[in-house]
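Nothing in this text is a laboratory measurement; each read-out follows from the coordinates by a stated rule. Source: prediction; values computed, not measured. Glycine also receives a Cβ, built like all others from the backbone with ideal geometry; neighbour counts cover every protein chain displayed.
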Amino acid sequence: MKPTTARRRATLLAGAAIALGLAVTGVSAQEKPKDHTDGPAAAYEPSMTTLGQIQVEIPGRKPGDPVMTPEEFQKATTIYFERCAGCHGVLRKGATGKALTTDITRENGFDYLRDFITYGSPAGMPNWGTSGDMTEEDVDMMARYLLLEPPAPPEFGMPQMRDSWKVLVAPEDRPTEKMNDWDIDNLFSVTLRDAGQIALIDGASYEIKAVIDTGYAVHISRISASGRYLFVIGRDAKVNMIDLWMEKPDTVAEIKVGSEARSIETSKMEGWEDKYAIAGSYWPPQYVIMDGDTLEPLKIKSTRGMIFDEQTFHPEPRVAAILSSHYRPEFIVNVKETGKILLVDYSDIKSLKVTEIEAERFLHDGGLDSSQRYFLTAANARNKVAVIDTKEGTLTALIDTEGATPHPGRGANINHPTYGPVWVTSHLGDETVALIGTDPEGNPDHAWKMVQQLYAMGGGSLFVKTHPTSEHLYVDAPLNPDAEVSGSVAVFKVGDLAQEEPEYTVLPIVEWAGIAEGQPRVVQGEFNKEGNEIWFSVWNAANLESAIVVVDDKTLEMKHVIKDERLITPTGKFNVYNTRADVY
Ligand code: DHE
């Protein structure tokens, strides 16, 4: 099938709960009270699957405690960490969702809790009962569980990190030059989510050069500034450091930095290339600076502290995206629940200086503008994008994206025919795509304003992508409940953006992949080094066939389909050059 052109303003999403991270199939709500909503934005919350595996005991019982067996308490804890902690917090003190501490739950009582879990709420609580995601017995158990004190998962400090730390090949035993004939700059590190592996795929021949075991449910890969070392982090907070110079690239060091994590980055400032790595975790709420050659943990900093505006204590502010500055020896660290962006100066980690910028709560992901001076990041539950000037170390702007739950990934930088350089984000909760001016020198009237809103295929978008040599802007929608939409990608022609309501072309990626079984979702475009092709993951259930579809950026036609039985649940793809040079 050829790409088709469309101009469609899809309606807002409602009535579909997608438990991502747990399963890739959508579940329709039944008998839902009319005003209750549970779209993807509500369900796309952290799922603490690793924490869900820890063994817990019922904390000291109080008079009036509901009856609960240790087995039920264990099962309820697993469900709570996987499905509820993302919004309500591991310690139940609240995050995007309300606090569920026993002073509140006991006052509300069992019947209220049971009904709330069953039907959800207009504020975003999914209808776990009527959607069929939880059985009546499970709902009953969860309501009793919430009347008991929560278990506190263990901390993870230096002794635990050092116990887990392994240098498999010491720096002095590694090659002094590249020992393989791979074009490592055009290599893709592809997350094989449910296999706990990454695949290294050659960008020219599409050959899978290696499959390497990593942590559980790998989240992202990042590359050292030199392009030699690949860092991979799993949801279980395991970091693998892979040496791409070895004859057969493999892990040379590994460490566990906590129980739940999502982010990893390396030092990129001139003079500091490959010197440090940093990883941030959801639990415990902290980040750790490590040696860039060995992953030796050097400095752990807790992110517990005051919420930026209320100045009240938050016990578990998670570390979301981390980015390396090109202007100063600093890591930029998003602290989700306190709404602070930290500039962590790594030039002297014994006297660590951290600039704490007040931004907005629920910071998630983001990336640099095309000049690489400004960091734009979504405070997603507040529908805002914060802009940090990485040169001056200050907050430049807070912009309302006028859409529901911006989710940019690292965003996309296009050269707009009217507004010049703009940075783009799509949204989880609706079909809008926000374009933000990023050129205070050349286009001062448009800088740090939302200059245009586009309408793509529908809500449930996670990632946008372009390349400096491309004339296209790609928008995915993997969380859209409609299989046709979640299986396609919308493409806008940058030159057409001066039109009043620009059309987009729909690429039927799943159809091109030739996969009939399951409901695979098309996720995260990633360009090759040259910028003439873009790769999309066709992410199916673990027991079904998945694929990667390569699209010709000039013709928008399918160029190649990578299929292999080792390609289990491919999600993120990270081209070595584009990732290390921050090209997007
Ligand atoms: Fe991600 C990036 C957190 C679910 C694929 N994801 C990120 C980042 C964070 C994050 C904080 C930014 C890292 C950085 O730049 O340093 N993601 C979370 C969650 O908390 C959430 C909502 C639920 C969870 O429990 O993890 C979540 N993410 C998903 C998925 O379901 C995806 C689609 C598949 C998967 O891996 O489970 C997914 N996230 C990705 C990808 C990136 C990412 C591919 C990197 C995008 C990029 O271009 O850099």
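Quick notes on this structure:
- Unit Cα scatterers, Debye sum, the stretch 100-140: log10 I(q)/I(0) for q = 0.28 Å⁻¹: -0.96
- The mean sequence separation of alpha-carbon pairs under 8 Å and at least six residues apart, normalised by the residue count of the stretch 110-195, gives a relative contact order of 18 percent.
- Charge dipole of the stretch 101-258 (Cα centre as origin; +1 on each Lys and Arg Cβ, -1 on each Asp and Glu Cβ, all else neutral): 380 debye, rounded to the nearest 20.
- The Cα atoms of the stretch 229-269 cover 32, 26, 11 Å along the three principal axes, with the biggest extent listed first.
- Each Lys and Arg Cβ is given +1 and each Asp and Glu Cβ -1; about its Cα centre, the chain then shows a dipole of about 700 debye.
- Peptides 501-509, 477-485, ordered by how many other C-beta atoms sit within 10 Å of their residues on average, highest first, read 477-485, 501-509.
- For the stretch 68-167, taking Cα atoms only, Rg and Dmax work out to 15.5, 53 Å respectively.
- Distance violations [Cα-Cα > 22 Å] among 166/353; 268/449; 93/336; 98/449; 98/353; 299/340: 166/353; 268/449; 98/449; 98/353
- Residues 230, 168, sorted so that the one with the fewest Cβ neighbours within 10 Å comes first: 168, 230
- Dipole size of the stretch 528-584 about its Cα centre, with +1 on Lys/Arg Cβ and -1 on Asp/Glu Cβ: approximately 140 debye, rounded to the nearest 20.
- Projecting the Cα atoms of 528, 502, 339 onto the charge dipole of the chain (Cβ charges, centred on the Cα centre) puts 339 farthest toward the positive pole.
- Dipole axis of the stretch 283-370 (+1 Lys, Arg; -1 Asp, Glu on Cβ), positive-most option in 325, 311, 367: 311
- Note on the stretch 172-241: Cα convex hull, mean projected area over all directions, 5.1 nm².
- Residue-normalised convex hull volume from the C-alpha trace of the stretch 147-202: 181 Å³ per residue.
- Positive-end ranking of 485, 423, 456 along the dipole of the stretch 363-494, with charges on Cβ about the Cα centre, is headed by 423.
- Local electrostatic count at residue 460 - Lys and Arg +1, Asp and Glu -1, tallied over other residues with Cβ under 10 Å: -3
- Going from the fewest other Cβ atoms within 10 Å to the most, the residues 349, 223 appear in the order 349, 223.
- Proximal charge balance of residue 147 [Cβ under 14 Å; K/R count +1, D/E count -1]: -1
- Cα gyration tensor category, rounded, prolate or oblate, for the chain with a/c compared to 1.5: rounded
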